[in-house]
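The values are calculated or read from the model by the stated rules, or taken from the named source; none is laboratory data. Values in this document were obtained by computation on a predicted structure and should not be read as measured data. Cβ: placed from backbone, ideal geometry, glycine included. Neighbour counts: every protein chain shown.
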Amino acid sequence: MIKNRKIAKSFISFLIASILMWFLITLSREYTTSITFPVNYKNIPQDKLLQNKPIKEIDIIVKSTGFNLIRSGFGDKTITLNANSLHKKSTGSYYFLTRNQVSTIQKQLHSGLELQEIVLDTIYLDIGTLTSKKVALKPNLEIKYQIGYDILEPVCVKPDSILISGPETQINKITYIDLKLLKLDNIREDFSEKIEIVLPKNLGNIKFTSKFTTISGKVEKFTEGTLEVPFTISNLPKGVELTTLNKTVEVVYVVGLSNFNKIDKNFFEVVCDYNVSKDNNLGYLLPKVIGKPDYVKSFKVIPNKIDFLIQK
C-alpha cells in the first residue's frame, strides 16, 4: 500500500514537471499574432479641434515569444499617435497614414515585441477650425405673482450672453443657449436667483466661459388709473369734416404704485385712422393708443368705437 502511494506521488511529480517543461518550451517559441491597442492622439494643430471622437483602438500584428506576449498584457498598453502631419480629404476631414509612424509605434511597444504590420493603414480625423462667438442666454420662466403684484420691468439676466468656443461647424449650429427652469410661486417682492446654464447635448468639444447666470426682477404692487384723453383723426380727406359724439376717450391703465403719480393725460396719444374705417366700410372710428409711457403695464380704451357723422 505504501509502495503504491510512492508510485502515485512519483507519477504526479513527473506529470507536473512534464507540464512545466512543456509550458516553458511553448512560451519560449516565437509567435505572430494580432493585439488590439487603445490609442490617443497628440500634436493636433492648435487652431484645430476634434469635432467627433476618432477610432479608439487599432490592431497591430506583432512577433515575439510567448513570454513577451503574456507580459505585454499587463500595464499600460495605450499607443500614442502623432497627428501633426495631416492630409486634407475634404472640408473638416483629415487623415494620416499609419505606415509613417511605424518607428514611433515600435518604441511604445513592450520590450521584445517586434512590430510586423499595422492592420489599419489610414486613420481619419474629423477636425474643425477652432472658433468662438457670443450667444444669448434664453430664460425659461414659470413665475406666478400674488394677486395685485407683477413684474415692474422685464426680468434681468446677468450675464445675458456667454462666450463659447469650439469647432466651427458645431459653433455655427448654436444660436442661443437655454437656461434651467426658474419656477416661483406667489411672488410679491424682488427676486434674484442663480440659474444653471443648460449645456447643449452631444457637443462635448464646446467650451463655455460660465456655467451659471443670475435672473432677477423688480416686483411691485400694481394699481389701476383712469384718464380722459383727447383723440385726433388721421388721414381725413380734404374737404371732409366729421362730427363725433365725444371728443375724448377714457384710458384705463395699470401701472406700478411707484409710477402712478407720474402719469397724466399728455402721456397718452390716441388716434383714429379714417382710412381704416373707410376701407372696411365701418360707420364708426376705432381709437388706437399709439403713444404711452413704457412703465404702463396694460391699458384699454373706452369706448372702443366712436360713432361719427360726415358734414357735407
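Structure values in brief
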| item | result |
| --- | --- |
| All positions within the stretch 98-115 that are surrounded by fewer than 14 Cβ atoms within 10 Å (Cβ to Cβ) and assigned to a strand (DSSP E or B) | 114 |
| Test: residue 304 is part of a loop (DSSP other than H, G, I, E, B), over 45 Å from the mean Cα position of the chain (by Cα) and modelled with pLDDT of 90 or more | yes |
| Residue match in the stretch 242-253 (condition: surrounded by 13 or more Cβ atoms within 10 Å (Cβ to Cβ), more than 26 Å from residue 220 (Cα to Cα) and of a type outside the set (A, V, I, L, M)) | yes |
| Search result, residues across the stretch 272-312 that are under 13 Å from residue 246 (Cα atoms) and among the basic types (Lys, Arg) | 305 |
| The stretch 94-117, residues that are at pLDDT below 80 and polar (S, T, N, Q) | 111 |
| Subset of the stretch 190-242 [within 30 Å of residue 301 (Cα to Cα) and of a type in the set (Asp, Glu)] | 220, 224, 228, 241 |
| Positions within the stretch 33-56 being loosely packed, with under 13 Cβ neighbours inside 10 Å and either on the phi > 0 side of the Ramachandran plot or charged (D, E, K, R) (or both), in sequence order | 42, 43, 47, 53, 56 |
| Test: residue 166 is at pLDDT below 90, in a strand (DSSP E or B), closer than 30 Å to residue 132 by Cβ and not assigned by TED's automatic domain parsing to the domain that holds residue 288 | yes |
| First in the stretch 205-223 and closer than 20 Å to residue 177 by Cα, second anywhere and in a loop (DSSP other than H, G, I, E, B) and of a type in the set (A, V, I, L, M, F, W, C), Cβ under 8 Å, 6 or more apart | 206/174; 206/199; 208/199; 211/199; 215/155; 216/155 |
| Odd one out for residue 223 among (1) out of contact with any Ser or Thr (no Cβ under 9 Å at 6 or more places or on another chain); (2) exposed (fewer than 15 other Cβ atoms within 10 Å of the Cβ); (3) more than 28 Å from residue 144 (Cβ to Cβ) | (3) |
| Subset of the stretch 161-202 that is farther than 29 Å from residue 149 by Cα and β-branched (Val, Ile, Thr) - its residue that is surrounded by the fewest Cβ atoms within 10 Å (Cβ to Cβ) | 175 |
| Residue within the stretch 251-266 that is outside any helix (DSSP H, G or I), without any contact (Cβ under 8 Å) to a residue 40 or more places away in the chain and in contact with a Gly (Cβ under 8 Å, 6 or more places away or on another chain) present | yes |
| Total residues in the stretch 135-162, condition touching a Leu at 6+ places or on another chain (Cβ under 8 Å) and assigned to a loop (DSSP other than H, G, I, E, B) | 3 |
